[in-house]
Ligand code: SAM
């Protein structure tokens with residue numbers, strides 16, 4: 001039933017948004033000298049070759065990372081994310097895209113921890129190989145939602161939990177809310193970052209209503225759209241829902257999104273949003 005492969009989509013506009021937010025949260029957590037856990041429930045393969053058959057077939061990265069990685073007017077908010085992308089592309093050509101676990105690997109300190117789970121039989125071994133020599137990381141072939149229960153609260157009492165399911169199963173829309181509730185019950189001070197695609201706007205409205213109904217506070221929504229909402233198939237926008245965001249994130253995204261929108265959607269048909277779904 002696991003048919004989704006991130007290799008078709010790596011480096012697209014949704015990854016640019018997700019990984020910008022991920023990097024900014026990590027950099028904020030690093031402002032304190034204390035260790036933290038990076039828990040990636042749906043980690044993917046880790047590294048994506050952009051000249052592969054999968055990436056070339058869709059060409060999605062051409063309208064994503066390829067549009068921004070070499071611009072010389074990048075806002076400061078992109079610095080950490082771009083340093084990770086450049087680490088994997090040391091010369092002028094864009095050959096590899098680092099997924100969320102490799103971005104975290106680049107940005108985390110020696111004393112931070114990574115816990116990564118991936119279920120796909122082809123992507124899991126790729127991910128495990130990437131981290132073979134990294135003593136900070138545990139890589140499991142396991143259900144990411146279960147790990148929320150198993151790993152929280154972390155001994156360090158500080159964590160970023162990134163939830164990035166493929167939403168190929170309709171149940172993902174309910175499972176993410178349950179997962180956040182389970183996590184929050186155990187560890188209310190963690191930062192939870194949930195990615196979502198806008199394929200049918202109604203699904204996202206329902207997801208937001210369900211999150212609001214949990215009673216959890218401090219829920220920030222960040223969205224970048226590349227086309228107007230539509231009833232046709234296909235993703236028109238994507239977003240991140242961040243619970244307990246670092247205090248600077250709202251302002252950072254307000255600085256960054258206009259630049260990203262102009263760079264990624266030069267035809268002017270996109271949109272951006274930073275909004276408290278539930279404030280303090
Ligand atoms: N987070 C990655 C990144 O940003 O580079 C991309 C992840 S991709 C969107 C979603 C991944 O979740 C897929 O590789 C899929 O195989 C995996 N997956 C699906 N259901 C899962 C589950 N219940 N637990 C763990 N992984 C799962």
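Since every read-out is calculated from the coordinates, none of them should be taken as a lab result. From a predicted model like this one, the values you see are computed outputs, not experimental measurements. Please note: Cβ atoms are built from the backbone with ideal geometry, for glycine as well, and neighbour counts cover all protein chains shown.
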Taking just the alpha-carbon atoms of the stretch 17-134, what radius of gyration and Dmax come out, in angstrom?
14.5, 44
Would you list 53, 262, 77 from fewest to most Cβ contacts within 10 Å?
53, 262, 77
Using a 7 Å offset from the Cα along the Cα-to-Cβ direction at both residue 34 and residue 231, what is the distance between the two label points in nm, to one decimal?
5.2
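For the chain, compute Rh as the Kirkwood radius over C-alpha pairs and then the Stokes-Einstein diffusion coefficient at 37 °C and 0.692 mPa s; write the answer in µm²/s, rounded to an integer. Could the numbers behind the result be given before it?
Working: Rh = 18.8 Å.
Stokes-Einstein gives a translational diffusion coefficient of 175 µm²/s.
So what is the relative contact order of the chain, in percent, for Cα pairs below 8 Å that sit 6 or more residues apart?
Values: 513 pairs, mean separation 60.6, N = 280.
Here the relative contact order equals 22 percent.
To make sure I understand, if each residue's beta carbon is the centre and we count other beta carbons within 10 Å, what order do 15, 172, 134, 33 fall in, fewest to most? Intermediate results must be reported in sequence, preceding the final value.
Details: 15 26, 172 18, 134 13, 33 7.
Lowest count first: 33, 134, 172, 15.
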Can you give the Rg and Dmax of the stretch 1-80 based on its C-alpha atoms, in angstrom?
14.7, 44
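Restricting the count to DSSP beta bridges whose residues both fall in the stretch 32-163, what percent are antiparallel, rounded to a multiple of 5? Don't skip to the end; give the middle numbers.
Working: 3 of 15 bridges.
The antiparallel fraction comes to roughly 20 percent.
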The stretch 165-280: radius of gyration and largest Cα-Cα distance (Dmax), Å
14.5, 45
In whole angstrom, how far apart do the alpha carbon centroids of the stretch 238-280 and the stretch 1-74 sit?
16
Could you give the length gained by full extension between residue 109 and residue 54, i.e. 0.36 nm per residue of separation minus their alpha carbon distance, to one decimal place?
16.6 nm
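By its C-alpha gyration tensor, with a ≥ b ≥ c as the square roots of the eigenvalues, how is the stretch 47-109 shaped: rounded for a/c under 1.5, else prolate for a/b larger than b/c, else oblate? Mind dumping the intermediate values first?
On the way: a/c = 1.98, a/b = 1.30, b/c = 1.52.
Here the stretch 47-109 falls in the oblate category.
Where does each of 85-93, 249-257 land if you order them by average Cβ count within 10 Å, highest first?
Details: 85-93: 12.7, 249-257: 18.9.
Output ranking for 85-93, 249-257: 249-257, 85-93.
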Considering only DSSP beta bridges with both partners in the chain, what is the antiparallel share in %, to the nearest 5?
60
Relative to a virtual label point 7 Å from the Cα of residue 134 in the Cα→beta-carbon direction, which members of the stretch 40-82 show backbone nitrogen distances below 13 Å?
40-41, 43-48
